[in-house]
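Below is one structure, written out as structure tokens; comments come after it.
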Amino acid sequence: MAGNESQPNEYGIDPSFFRGLTQKRFSRRQVFGMAGASMASSMLLTALDATGPVGAATNAQVGSKKWWKAQKLHHKLDFANWPYYIDVVNGKHLSLEHFTATTGIKVNYQEVIQDNASFYATIRPSLQAGQPTGYDIMVMTNNNPELGYLIESNWLIPLDQSLMTNFNEYAGPLVKNPSFDPGNKYTMAWQSGWTSVAYNSAIVKDPGDSVQLLFDKKYAGKVGMLSDPFELGSVGLLAIGVEPEKSTESDWAKAAVKLQKQKSDGIVLAYYDQSYIQHLKNGDTVVSQCYSGDIFQANLNSKYKDLVLMIPVEGPMLWTDNMIIPVHAANPLDAMTCMDYYYSPITQSVVEYYNDYICPVPDTKQQLLDPTGWNKAALKEMYSEIQLSPSVTADSLIVFPSPSRVKESRPYYPFKNQEEITAWTNLFLPIIQGA
């Protein structure tokens, strides 16, 4: 049974976040929040779009064994990712440089994804028209509908399972065979994280170990909730004892009633985007929905040592950013080669030393502690700039959670069609908007 974390540093708080003192660096979730109201608006417009994605006019054989066998390397690749989400030292991506040196594949790496909805909006017209998006690899998250749109519309190329050598050997159970993509037919995880509950231990003396803390009238007017309807609805389901992944529309209605009562009882101060963390830090709120990395980072400042990340008995919500190949990609074999390359523990150690998210490759921990390949020189070069031992990342329970913690994590509901998304947003969006 998971309980609240009795000490803020129980996770092995990672001082690598101090990198921000010497180089400008934001977490992937911070960047997600920076999109602010425009991001939320774009996301919700996408979710409520009555037309939904249209079927793609693609060759039914695309992604088949015969199709993959006919593909050739072109020694170039266009990779779309989120900002600040890959190793950087002295302006270089060491992992990409090594990939090019060993494969001859040159990577045009572009940090063009600020949020799922707006990025989807930019590629959707091309996909609808049966044209290339301009990318061979894209990274999309499973906690919003856009990844499901791409899968259901046949806008992704099924992966060549025979080329997933590193993935099959080294991928952890957290990212293998996910509920949103059984058998990893279309996706290979980039990194993962949790949405959970945080509280101020200087004020909240008896937090318990449940998401019910968010609904405690004792903290009326001091509770922060997220303005993302998919996050809000998910915690509402947990609060009524239902796992979001297994929920029904009837369950959604019951969760909405609980969340509406939480609001009408005056428990919620506000529904926040990424700004929730500032309100938690300055004391406006004392209990809040949160992203695990934000609390992890806040604890590094002695001013915020009282902020505690709870892993509730109901389980934290687990989100995953996934590498995918869009249909009509110009260089699919190059893309497969690159995706599997990042599942080498040697490569992943370099990425994780910078990222500090939930690592998809458990064996990376040992490579951080005792590098055995090209990563030895790379980690040494990164250390010269970061001035923190890779062991700090290796010892973090946020980066390398225990098997029991992985088992306790909860997946999001896998939307099956546009009608379900509309039903969900019609229930939870009015709570956020004040209707």
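Rule-based calculations on the coordinates, nothing more; no lab input. All figures in this text were calculated on a predicted structure; none of them were measured in a lab. Glycine gets a Cβ as well: all are built from the backbone with ideal geometry, and neighbour counts include every protein chain shown.
Kyte-Doolittle mean at least -1.0 and Cα extent at least 20 Å along the axis: which DSSP H helices of the chain qualify?
Taking the DSSP H segments of the chain (at least 20 Å long, mean hydropathy at least -1.0), we get 418-433.
So, R0 is 35 Å and r is the distance between the beta-carbons of A377 and W67; what FRET efficiency does that work out to, to 0.05?
0.35
Would you work out which of P326, L280, P312 lies farthest towards the positive end of the dipole of the stretch 276-331, given +1 charges on the beta-carbon of Lys and Arg and -1 on that of Asp and Glu, about the Cα centre?
Most positive-ward Cα: L280.
In percent, what relative contact order does the stretch 186-318 have, based on Cα pairs under 8 Å that are 6 or more apart in sequence?
It comes to 46 percent, rounded to a whole number.
Rounded to the nearest 5, what % of the DSSP beta bridges within the chain are antiparallel ones?
Antiparallel bridges make up about 60 percent of those DSSP assigns within the chain.
Stretch N90-K263 to full length: gain in nm at 0.36 nm per residue minus the Cα-Cα span?
Going from the current span to full extension adds 57.5 nm.
Using amide H atoms built in the peptide plane, which far-off residues or other-chain residues are under 5 Å from R410 H to H?
M317, L318
Could you tell me which of rounded, prolate or oblate describes the stretch 128-225, using a ≥ b ≥ c as the square roots of the eigenvalues of the alpha-carbon gyration tensor, with rounded for a/c under 1.5 and, failing that, prolate when a/b is larger than b/c and oblate otherwise?
Here the stretch 128-225 falls in the prolate category.
Kindly rank 157-164, 62-69 from highest to lowest mean number of other beta carbons found within 10 Å of each residue.
My ranking of the peptides, most packed first, is 157-164, 62-69.
With θ taken as phi - 60° and the coefficients 6.51, -1.76 and 1.60, list the Karplus ³J(HN,Hα) couplings across the stretch 141-148 in order, rounded to whole Hz; mark glycine and proline as x.
Using θ = phi - 60°, the values come out as 9, 8, 8, 10, x, 4, 4, x Hz.
Sorted by mean Cβ packing within 10 Å, highest first, what order do the peptides 280-286, 146-152, 96-102 take?
146-152, 280-286, 96-102
Under the rule a/c < 1.5 gives rounded, and otherwise a/b versus b/c splits prolate from oblate, where does the stretch 299-409 land using the Cα gyration tensor?
Here the stretch 299-409 falls in the oblate category.
Return the calculated 222 nm mean residue ellipticity for the chain, to the nearest 500 deg cm²/dmol, obtained by summing -39500 (n - 2.57) across DSSP H runs with n ≥ 4 and dividing by the residue count.
Helices in the chain give a 222 nm mean residue ellipticity of -11000 deg cm²/dmol.
Starting from the stretch 366-433, pick out the trypsin sites (Lys or Arg not before Pro) whose DSSP state is loop and whose Cβ has at most 13 other Cβ atoms within 10 Å.
Within the stretch 366-433, the qualifying trypsin sites (Lys or Arg not before Pro) (loop, at most 13 other Cβ atoms within 10 Å) are K416.
Among K69/K416; K205/K365; K65/K246; K217/K281, which pairs are too far apart, with a Cα-Cα distance over 23 Å?
Beyond 23 Å between Cα atoms: K69/K416; K205/K365; K65/K246.
Assuming 0.36 nm per residue, please report the length gained on full extension of the stretch Q387 to K407 beyond their Cα-Cα distance.
Full extension of this stretch gives 3.8 nm more.
Counting pairs of alpha carbon atoms under 8 Å apart in space and at least six apart in sequence, what relative contact order in percent does the chain give?
Relative contact order, the chain: 29 percent.
What does the C-alpha gyration tensor say about the overall shape of the stretch 345-419? Classify as rounded when a/c is under 1.5, otherwise prolate if a/b is larger than b/c, or oblate.
Cα axes put the stretch 345-419 in the prolate bin.
log₁₀ I(q)/I(0) of the stretch 216-262 at q = 0.17 Å⁻¹, via Debye over equal Cα point scatterers, no solvent, to two decimals?
Result of the Debye calculation: -0.47.
Using 0.36 nm per residue, how much length does the chain from T102 to Q278 gain when fully extended, once their Cα-Cα distance is taken away?
59.0 nm
Suppose R0 equals 30 Å; then what is the FRET efficiency for S179 and A253 from their Cβ-Cβ distance, rounded to the nearest 0.05?
0.85
At A202 and L369, where each label point lies 7 Å from the Cα along Cα→Cβ, what is the point-to-point distance in nanometres?
Once both label points are built, they end up 3.6 nm from each other.
Sum up the charges of everything whose Cβ sits under 15 Å from the Cβ of A377, counting Lys and Arg as +1 and Asp and Glu as -1, but leave A377 out.
-2
Between E169 and D306, how high is the FRET efficiency from 1/(1 + (r/R0)^6) when r is the Cβ-Cβ distance and R₀ = 45 Å? Nearest 0.05.
E between E169 and D306, to the nearest 0.05, is 0.60.
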